[in-house]
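Below is one structure; the comments refer to it alone.
Nothing in this text is a laboratory measurement; each read-out follows from the coordinates by a stated rule. Keep in mind the model is a prediction, meaning the values are calculated, not measured. Cβ coordinates were reconstructed from backbone atoms using ideal geometry, including for glycine residues, and neighbour counts include every protein chain displayed.
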Amino acid sequence: MSSQHVTAPDYFVPGPSKWPVLTGASLLLTMVGASAWVNDLAWGPYANIAGILCVLVILYNWFGESIAESEGGLYSKRIDISYRWSMSWFIFSEVMFFAAFFGALFYARAITLPWLGDLDHKVLWPDFNAVWGSVGPAGVVESFKTMGPFPIPTINTALLLTSGATLTIAHHALKENKRTQTAIWLFATILLGVTFMGFQVFEYMHAYSELNLKLTSGIYGSTFFMLTGFHGFHVTMGAIMLSVVLYRVLKGHFTPEHHFAFEGAAWYWHFVDVVWLGLYVVVYWL
Amino acid sequence: AEVKDIPGGPAVNQLNLHPPVTKIAEQIYSLHTFMLIICLVIFVAVFGVMFYSILKHRKSLGHKSATFHESTTVEIAWTIVPFLIVIAMALPATKTVVAMKDTSNADITIKATGMQWKWGYDYLKGDGQGISFLSNLATPRTQVGAPGVAPTEARGDNYLIEVDNPVVVPVNKKIRIITTANDVIHAWAIPSFGVQQDAIPGFVRDAWFRAEKIGTYRGQCDKLCGKEHAFMPIVVNVVSEDDYKKWVDGKNKEMAAQADDPNKVWTVDELKQRGEKVYATNCVACHQATGKGVPGAFPALDGSAVVSGPKAAQIQLVLNGKNAMPSWKALSDTELAAVITYTRNNWSNKAQQNIVQPAEVLAARK
Amino acid sequence: MSTTAINPATGHAHDQSDDHAYGHHDHPHGWRRWLYATNHKDIGSLYLWFSFFMFMSGGVMALAIRAELFQPGLQLMQPEFFNQLTTMHGLVMVFGAIMPAFVGYANWMIPLQIGAPDMAFARMNNFSFWLLPVAACLLIGSFLVPGGAVAAGWTLYAPLSTQMGPGMDLAIFAVHIMGASSIMGAINIIVTILNMRAPGMTLMKMPMFCWTWLITAYLLIAVMPVLAGAITMTLTDRHFGTSFFNAAGGGDPVMYQHIFWFFGHPEVYIMILPAFGIISQIIPAFARKQLFGYASMVYATASIAILSFMVWAHHMFTSGMPVTGQLFFMYATMLIAVPTGVKIFNWIATMWRGSMSFETPMLFAIGFIFVFTLGGFTGLILAVTPIDIQVHDTYYVVAHFHYVLVAGSLFALFAGFYYWGPKWTGYMYSEARGKFHFWASLITFNITFFPMHFLGLAGMPRRIADYPAQFTDFNMIASIGALGFGLSQVYFLFAVVLPSIRGGEKAADKPWDGAEGLEWTVPSPAPFHTFEVPPIVK
Ligand code: HEA
Ligand code: HEA
Ligand code: CUA
Ligand SMILES: [Cu+2]
């Protein structure tokens, strides 16, 4: 169905679509379910998961439609540029999301901690020893050990950095129209990502079982798990995006000139890498 | 009856800040006046020009429009001039900020603890050290009324800004107030002193004042702290040095007399009697006098499983709080024992374990 | 089916026969038209109706608040319900009324102003909109859950937020969704403006409304994620045992305030910059004179946006920060008066020696300048740390922000409606009724909110359900004013908006002789599709 268009339209305005409003409705179900779940209502998880499944099914169709449009030659150069802008600014918004949590970590360590330990606060917390990784002043947190950079986080750093490289190789291969190479290197990237996640899961298990380090381990546990957790979530999202791209490469989509989906996913992956480097330094080393 | 002005509190239809009784409040007052005047002058100048233009440069008067649309000189001028004005405003303010923050060398240090919904005061340093009391709203609910229930008592002039135990401080002494809180953020504020300081749970913050005039000064908790936020006023009595000494003596005696020996063994009736009072000051706002609570918001105690169940669980819950229920650690062992015993034997409750002794509460605190 | 596409190289349209469903000539009818909309004008209308509905809901809550505060004592509601009303009034007005209204204007006007056929991402545009009713259901529905809606103030301060019932969780998820909607909307606007301008429309030729929205969109994508982070932490503190805002575990409630206001302060400029944009379109049109200092307007807007990231802690002067912090945030905040002043002066210079006429858009624009400046001045007074410490969390603050939000943002929205409404509906509104709406609004607005300055100076705390009797008279006046202001808006709906949709005097393509811009080159009402062939801008 593709090559009928000699020139793609400068602006492509899609016709009416039922996907957005259906996604909205599914999100309503998801969020009502989530609220019920966190408040321990029995039907919460079902509603929540049903909502998420609906969202996924709808997004599958929605993106399928977009891909068909793209393959149908409807996306001009200008639309390509639009996608580039939008992906960049989306990633920027993700950076700001992480900034909130990095900010929380910074604030808790550099401002709150010394505050709680200062002379005035002896009125409230006479015995508090203000060192990072402490159990908090009130003695409500069980004692735990902090997580160092060795060995898993360092291995994971190496994994992610390598995956950045393999992804770049895949990109070059795509630009030279070497399909098989592209697929192989892309697959390697995904594999590295999955391995990363495996180690991450292992690290969490280690934290819970041996270090007694939990989400409930005071501000240290909170920032540790929320930062690494959201990062892990983003790695997973990135891996899914790359998988879709891999699938499309195998289907023969993309040309050496025209492969924004690949590049967008790649940007996202690099962004996830960079966030990891931040985590590696700030969460594990310092 | 018409409401009257309250010296040290708000006047009827007051238009400006309270008459200041500290140096800081005076500076704030004049800063405000100063700002107001500058803003007024700018306002008149800017809108003088605008309204002149509106009057003269109208199409209906046949005014033809000019064509100019920029002028670097003018634009630079009206960037720089406001910049200078702003600096002129910031300079005197800086001085006051620095002075407000200087809480060193206080004569008396008092810790104010915000709790839902009352204040606790501990005199930490200086004359009166060791004094400690709670300060509750003194206005009876019968003056407030409720939806559908008209108040049965006429409102006094100090409606909502009166307490049972005011803070008492000597005149002309530097008082440092340390604020903290037990549950959520409150704010300790006395407008006449130019003081407002948040009270943050788990943290201490401080502010200071040196009141220069004897009198009673009133403020309210300024930070939204839940449903009774409107009902936790702050009252400070500034008294002469002599009167302060007398108050300290009296307070010390009173506290000695009141101090309950946590090891004393009470009878159920004694505890119930005491507990009823504790309930009325602390619990009734949520759980209601009927013990029925507010459906959906505050659980009923009448017929509650916790209240008729094992007493250890109830002691823990009252001590540590849960969800919207605050922790009541600040009450004494005897008060807690009394109120728990009261709930276990009141309304339709006939708990198996119907008496809790202060010693048990003491033990549970560990 | 035959569809038209435009060749970028030659700039003219040519036909292609392909039955693939990308036809932007589809013009669906009935409910599908709205549910499945991808047309920027339809989506713009949806936004505008939604926001007006939310404005009415938030307004009814405000009237309930004012009714309870009519006299001392508790007459109509329990204080916990009062707090729910205050909180929901703030959330609904900010996230439900003002922000979506500006996005509605952006949807309608940005493509028309830059000569684009639609927004860059039409389907995502629809998605951004339909997320809003979802969020509104969660928010408003939360009144019905046990414990009722969230009652922690629109700022949702910890740890009060941890004490709330399930209503809080619904609010958190609602805000997440509105945040997602805003981020997508912002990306859409940025891309549309950066990538879809007609040939010849350089950035520095762009109408001011587009400029202010471009900058606003950047603010949105920078701060909405931060808000999402903050409330996510609240959620995990509530349910998963984290200690972000809990001192016992080494966290800090004040940290919440920092993160919130890092969002919250830019947020208030998100609600005013597009208003500045609207005013900058209207003043030149009715002064029949080009906007004075276009370039400095752009720079001033950008400066306000940049400065807005450096002033957040002026909302926290009483939380107790080091003296250096207080001074820094005081100076930075006061600096914002400078670029804002530039804007005010530029408008007045535009009016100066113009040839002015005073139709309703111009009245609202002038009203805006006048009353917004009052609110700006009280903002500046609040920026002075010692004064703020005195009046923080009193009605002085409430007065300040209603002057900038109601007489600022809302009046600008009204001005924009009167100015562009004829383009949307094809009919002129009734000038006499418009003028009546203006004067009624202006007067009752001031009756409502001016006395609040006095209440605040005299120390009346905000967010209280009952107050000392000395405050009675001003509260009564405010409540009466509020009812009047509310009725004025009901009048606006029934006597101005609805009639001007149904019919009336036909609007010319360019009903204002002084107006400039591409939007006036298309017919009134603007046809479903405009600028399929990009206009050339000289
Ligand atoms: C549209 C929204 C909007 C806008 C535009 C502003 C604009 C400003 N605001 Fe406001 N503000 C809010 C919405 C807004 N605010 C809200 C919602 C809150 C409360 C939130 C809550 O707690 O719930 C708040 C609270 C708030 C506070 C905290 C008060 C407190 O809680 O204690 C402060 C303190 O500094 C402040 C300051 C300012 C300043 C300095 C400006 C400046 O931008 C104003 C600049 C304008 C002018 C100064 C006038 C025009 C200028 C001239 C004519 C030039 C010449 C003038 C001089 C040289 C003086 N605002
Ligand atoms: C963003 C914009 C915005 C707008 C437009 C408004 C509009 C109004 N606000 Fe708003 N207000 C806020 C934002 C806004 N507010 C915020 C952010 C807060 C802080 C919340 C907090 O503390 O957390 C606040 C808090 C606030 C308070 C303080 C509450 C407290 O501290 O307890 C008060 C009190 O008077 C108030 C009053 C009003 C009034 C009278 C209006 C009027 O302009 C409303 C006009 C009324 C109507 C538009 C109603 C019209 C409808 C009818 C008359 C009914 C007719 C019915 C049918 C047609 C069926 N507001
Ligand atoms: Cu305590 Cu408000
Ligand atoms: Cu601000």
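Quick check of the Kirkwood formula: for chain B, what is the inverse mean of 1/r over all pairs of different Cα atoms, in Å?
One decimal place: 24.3 Å for the Kirkwood radius.
Let me test this: with uniform point scatterers at the alpha carbons of the range C:214-286, what is the Debye-based log₁₀ I(q)/I(0) at q = 0.16, 0.19 1/Å?
With no solvent term, the Cα-only Debye profile gives -0.64, -0.78.
Among B:125/B:227; B:23/B:329; B:4/B:223; B:4/B:95; B:111/B:322, which pairs are too far apart, with a Cα-Cα distance over 31 Å?
Where the Cα-Cα span goes over 31 Å, the pairs concerned are B:125/B:227; B:23/B:329; B:4/B:95.
Please list, or write none, the lysines whose alpha carbon is within less than 22 Å of the alpha carbon of residue C:205, excluding same-chain residues fewer than 8 places away.
Cα-Cα hits under 22 Å: C:289, C:343, C:423, C:510, C:538.
Using Cα springs under 10 Å in a Gaussian network model of chain B, which residue among B:82, B:299, B:92 shows the largest mean-square fluctuation?
Looking only at B:82, B:299, B:92, the biggest GNM fluctuation is shown by B:82.
Could you tell me what % of all Cα pairs in the range B:64-185 have separations over 22 Å?
In whole percent, the long-distance tail amounts to 64.
How far apart, in nm, are the 7 Å Cα→Cβ label points at residue A:145 and residue A:81?
Roughly 5.7 nm, to one decimal.
As a check on your grasp of the helix formula, calculate [θ] at 222 nm for chain C: sum -39500 (n - 2.57) over DSSP H runs of n ≥ 4, divide by the residue count, round to the nearest 500.
That comes out to -20500 deg cm²/dmol.
Going through the range C:396-488, which trypsin sites (Lys or Arg not before Pro) have at most 15 other Cβ atoms within 10 Å and a DSSP loop state?
When the trypsin sites (Lys or Arg not before Pro) of the range C:396-488 are filtered for loop state and at most 15 Cβ neighbours within 10 Å, nothing remains.
To the nearest 0.05, how large is the calculated FRET efficiency for residue C:202 and residue B:44 if R₀ is 60 Å and r is the Cβ-Cβ distance?
Step by step, r from the Cβ atoms, then E = 0.90.
Which one, C:148, C:177, B:25, projects farthest toward the positive side of the charge dipole computed for the protein assembly as shown from Cβ point charges (K/R +1, D/E -1)?
Positive-most Cα among the choices belongs to B:25.
Is the shape of the range C:255-369 best called rounded, prolate or oblate, per the rule: a/c under 1.5 gives rounded, else a/b larger than b/c gives prolate, else oblate, with a ≥ b ≥ c the square roots of the Cα gyration tensor eigenvalues?
prolate
Grab the beta carbon distance between residue A:168 and residue A:281, set R0 = 22 Å, and tell me the FRET efficiency rounded to 0.05.
For R0 = 22 Å, the calculated efficiency reads 0.45.
For the range C:484-522 and the range A:231-264, what is the separation of their Cα centres, given in Å?
48 Å
Over the range A:76-285, what is the mean sequence separation of C-alpha contacts under 8 Å (at least six apart), divided by residue count, expressed as relative contact order in percent?
For the range A:76-285, the relative contact order is 26 percent.
For Cα pairs less than 8 Å apart in space and 6+ apart in sequence, what is the mean separation divided by the residue count of the range C:182-293, i.e. the relative contact order in percent?
For the range C:182-293, the relative contact order is 31 percent.
By the gyration tensor of its Cα atoms, with a ≥ b ≥ c the square roots of the eigenvalues, what is the shape of the range B:215-366: rounded for a/c under 1.5, prolate for a/b over b/c, or oblate?
oblate
Calculate the translational D of the range C:64-196 in whole µm² s⁻¹ from Stokes-Einstein, where the hydrodynamic radius comes from the Kirkwood formula applied to all Cα pairs, the temperature is 4 °C and the viscosity 1.567 mPa s.
Here the translational diffusion coefficient equals 79 µm²/s.
Only counting other Cβ atoms within 10 Å, I'd like B:270, B:2 sorted with the fewest neighbours first.
B:2, B:270
In chain C, which helices (entire DSSP H runs) extend 24 Å or more along their own long axis, judged by Cα positions, while averaging at least 1.0 on the Kyte-Doolittle scale?
C:122-141, C:166-195, C:208-239, C:360-383
Around residue C:356, which amide H atoms from residues at least 5 apart in sequence, or from another chain, sit under 5 Å from its own amide H, with H modelled in the peptide plane?
Counting only residues 5 or more places away or on other chains, the set is B:58, B:59.
What is the Cα centroid distance between the range C:169-227 and the range C:51-66, reported in whole angstrom?
For the range C:169-227 versus the range C:51-66, the Cα centre distance is 26 Å.
Would you mind ranking A:258, C:176 so that the residue whose beta carbon has the fewest other beta carbons within 10 Å leads the list?
Taking fewest neighbouring Cβ atoms as first place, the list is A:258, C:176.
At 7 Å along Cα-to-Cβ for each site, give me the label-to-label distance between residue A:267 and residue B:242 in nm.
Going from the residue A:267 label point to the residue B:242 one covers 8.1 nm.
For the range A:1-74, what number results from the quotient of the Cα radius of gyration and 2.2 N^0.38 Å?
1.56
Within 10 Å of each Cβ in B:203-209, how many Cβ atoms from other chains are there, averaged over the peptide?
5
Between residue B:270 and residue A:210, with labels modelled 7 Å along Cα→Cβ, what's the label distance in nm to one decimal, could you check?
About 5.9 nm separates the two model spin labels.
With +1 on the Cβ of every Lys and Arg and -1 on the Cβ of every Asp and Glu, and nothing else charged, how large is the dipole of the protein assembly as shown about its Cα centre, in debye rounded to the nearest 20?
Charge dipole of the protein assembly as shown: 1080 debye, to the nearest 20.
Under a Cβ-only charge scheme (Lys and Arg +1, Asp and Glu -1), can you give me the dipole magnitude of the range C:64-217 about the Cα centre, in debye to the nearest 20?
Using only the charged Cβ atoms, the result is roughly 460 debye.
If amide hydrogens are placed 1.01 Å from N in the peptide plane, which non-local residues have theirs closer than 5 Å to the one on residue B:179?
Long-range HN contacts for residue B:179: B:112, B:205, B:206, B:207.
Whole-Hz ³J(HN,Hα) for each residue in the range B:313-330, computed from phi via Karplus 6.51 cos²θ - 1.76 cosθ + 1.60 with θ = phi - 60°, x for glycine and proline: what do you get?
So the J values, rounded to whole Hz, are 5, 5, 4, 4, 5, 5, 5, 9, x, 6, 6, 6, 6, x, 7, 10, 3, 5.
Could you tell me the number of lysine pairs in the range A:76-285 with C-alpha atoms less than 29 Å from each other, where the two lysines are 8 or more residues apart or belong to different chains?
Lysine pairs, 8 or more places apart or on different chains, close enough: 8.
Using only the Cα atoms of the range A:175-264, what do you get for the radius of gyration and for Dmax, in Å?
My reading of the Cα-based Rg and Dmax gives 17.6, 52 Å.
Please list the three semi-axes, largest first and in whole Å, of the ellipsoid equivalent to chain C, using sqrt of 5 times the eigenvalues of its alpha carbon gyration tensor.
38, 27, 24
Of all DSSP beta bridges located in the protein assembly as shown, what percent are antiparallel, nearest 5?
Here the antiparallel bridges make up roughly 75 percent for the protein assembly as shown.
Within the range A:166-234, list the GluC sites (Glu not before Pro) lying in a DSSP loop whose Cβ has at most 14 other Cβ atoms in a 10 Å radius.
Sparse-neighbourhood loop GluC sites (Glu not before Pro): A:176.
Using a ≥ b ≥ c from the Cα gyration tensor of the range B:285-361 (square roots of the eigenvalues), is it rounded, prolate or oblate, where a/c under 1.5 gives rounded and otherwise the larger of a/b and b/c decides, a/b for prolate?
oblate
So who's got an amide H within less than 5 Å of the one on residue B:223, skipping anything under 5 residues away but keeping other chains? H placed 1.01 Å off N, in plane.
Residues meeting the criterion, in which the H sits 1.01 Å from N, are B:187.
Extension gain residue B:259-residue B:84, at 0.36 nm per residue separation less the Cα-Cα distance, in nm?
Using 0.36 nm per residue and subtracting the Cα-Cα distance, I get 56.9 nm.
Could you list A:222, C:500, A:134 so that the one with the fewest beta carbons within 10 Å of its beta carbon is first and the one with the most is last?
A:134, C:500, A:222
Which distance in Å, rounded to a whole number, links the C-alpha centroids of the range A:130-170 and the range B:29-70?
Result: 60 Å between the Cα centres.
Let me have the 222 nm mean residue ellipticity of chain B computed from DSSP H runs of 4+ only, each contributing -39500 (n - 2.57), with the sum over all residues rounded to the nearest 500.
-12500 deg cm²/dmol
Strictly greater than 49 Å: what percent of every Cα pair in the protein assembly as shown meets that?
The share of Cα pairs beyond 49 Å in the protein assembly as shown comes to 33 percent.
Remind me, relative contact order of chain B in percent, using alpha carbon pairs under 8 angstrom and six or more residues apart?
14 percent
When you look at the Cβ of every residue in C:324-331, what mean number of other chain Cβ atoms sits within 10 Å?
Taking all residues of C:324-331 together, the mean is 3.
Can you give the average number of partner chain beta-carbon atoms within 10 Å of each beta-carbon in peptide C:296-304, as a whole number?
1
If each residue of separation counts as 0.36 nm, what is the full-extension length gain between residue C:528 and residue C:27 once their alpha-carbon separation is subtracted?
Taking residue C:528 through residue C:27 to full extension adds about 179.6 nm, to one decimal.
Could you give the size of the charge dipole of the range A:76-285 about its Cα centre, using +1 on the Cβ of each K and R and -1 on the Cβ of each D and E, expressed in debye and rounded to the nearest 20?
Here the range A:76-285 has a charge dipole of around 740 debye.
Could you tell me the largest-minus-smallest coordinate of the C-alpha atoms of the range A:76-285 on each of the three principal axes, in descending order and whole angstroms?
69, 36, 20
At R0 = 41 Å, how high is the FRET efficiency between residue B:350 and residue B:125 if r is their beta carbon distance? Nearest 0.05 is fine.
Using R0 = 41 Å, I get an efficiency of 0.25.
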